[in-house]
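Step one of this worksheet: look at the structure below.
Readers should treat all values here as calculations from the given coordinates under stated rules, not as data from a laboratory. Quantities reported herein were computed from a predicted structural model and do not represent experimental measurements. Don't worry about glycine lacking a Cβ; one is built from the backbone with ideal geometry, like all the others, and counts go over all protein chains shown.
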Amino acid sequence: MFMPTVAELADLQEKYFIGASTSDMHPDMPAAKVFDHGGWVQSIPIQVDGSDSHLAIRGKYDLLLEFPDGTFGIIDCKMQARASDKSSFYSPQLEAYAFALENPAKGEPKKISALGIYSWSLDRASGNLGVGFGYRVNVAWYPVARDPIALQKRLGDFVALVNGSMPESKPSCDQCRYIAERDLIVRNN
């Protein structure tokens, strides 16, 4: 589902930090500079058991950091009603971006040394009539541990599922009925 207000807030959040130092973002973040934002990535074909599949990772990261040692970090920005650590939920997404940047379909690979969630959560409204209003936010940083082995297992399972045989449909399955009805409509037109 597309949520335009969330998308607009996320875009403002990402653009605000272009060229910034992580010390300006949160004291617990590792020292780096914001190198890029909103960059699309696409990986080489995913390998499963040493063979290329026909699938690749494609996505758009929020912020890309550059560390003094020449490595990079991927930051996923979140807007939340209340601060909560969702790093384990978003870990596979961040690891997939890392895979795509380290194994790009085009361009030079980038060594990814850090992943994390940068979160803003609502604090309170502020402002004056005639001047304007805004929202104050709380800031949180949640580092995410790299786990390329877990990603490779997940990708292997996904490729096997996509390439596997279609399961038997059941009359009680809403998605199965939808697909069957859609196929009838397509064949009859």
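What length, rounded to one decimal in nm, is gained on full extension from GLN80 through to ALA125, with 0.36 nm per residue of separation minus their alpha-carbon distance?
Working: separation 45, 0.36 × 45 = 16.20 nm, distance 1.48 nm.
Taking GLN80 through ALA125 to full extension adds about 14.7 nm, to one decimal.
Between ASP28 and LYS60, what length comes free when the chain is fully extended (0.36 nm per residue of separation minus the Cα-Cα distance, one decimal in nm)? Don't skip to the end; give the middle numbers.
Details: separation 32, 0.36 × 32 = 11.52 nm, distance 2.46 nm.
Once the chain is fully extended between ASP28 and LYS60, it gains 9.1 nm.
On full extension of the chain, what length is gained from LYS111 through ILE185, given 0.36 nm per residue of separation minus the C-alpha to C-alpha distance?
Numbers: separation 74, 0.36 × 74 = 26.64 nm, distance 4.88 nm.
Extending this stretch completely gives an extra 21.8 nm.
Working from Cα positions, state the angle (0 to 90°, nearest 10) between the long axis of helix 87-102 and the longest principal axis of the chain.
Helix 87-102 sits roughly 80 degrees off the main axis of the chain.
So how strong a dipole does the chain carry about its Cα centre when Lys and Arg Cβ are +1 and Asp and Glu Cβ are -1, to the nearest 20 debye?
Working: 19 positive and 23 negative charges, 72 e Å.
Dipole size: approximately 340 debye.
If neighbour count is taken as other Cβ atoms inside 10 Å, put VAL162, VAL144, VAL137 in order from fewest to most. Please list the in-between numbers first.
Values: VAL162 10, VAL144 23, VAL137 17.
If I rank by nearby Cβ atoms, fewest first, I get VAL162, VAL137, VAL144.
Can you work out the Karplus-derived ³J(HN,Hα) for every residue in the stretch 182-189? Use 6.51 cos²θ - 1.76 cosθ + 1.60 with θ = phi - 60°, whole Hz, and x for glycine or proline.
Coupling constants for the stretch 182-189: 5, 4, 5, 4, 4, 5, 7, 9 Hz.
Just to confirm the number: angle between the C-alpha axis of helix 4-16 and the first principal axis of the chain, 0 to 90 degrees, nearest 10?
That works out to roughly 50 degrees.
List the extent of the Cα atoms of the stretch 4-188 along each of their three principal axes, largest first, rounded to whole Å.
Extents along the principal axes: 61, 46, 27 Å.
Across the chain, where is the longest run that never hits trypsin sites (Lys or Arg not before Pro) in a DSSP loop with at most 16 other C-beta atoms within 10 Å?
1-81
Show me, for the stretch 65-77, the HN-Hα J-couplings you get by feeding each phi into the Karplus relation (A = 6.51, B = -1.76, C = 1.60, θ = phi - 60°), rounded to Hz, glycine and proline as x.
9, 10, 8, x, 7, x, 8, 10, x, 10, 10, 9, 8
Setting aside same-chain residues fewer than 8 positions from LYS106, which lysines have a Cα under 23 Å from its Cα?
Qualifying lysines at Cα under 23 Å: LYS60.
Give the cross-link partners of LYS86 among the lysines, using a straight C-alpha distance below 18 Å as the criterion and excluding same-chain residues fewer than 8 apart.
Excluding near neighbours in sequence, the set is LYS78.
Could you work out how far helix 148-163 tilts from the main Cα principal axis of the chain, as a 0 to 90 degree angle to the nearest 10?
Computed tilt is about 30 degrees.
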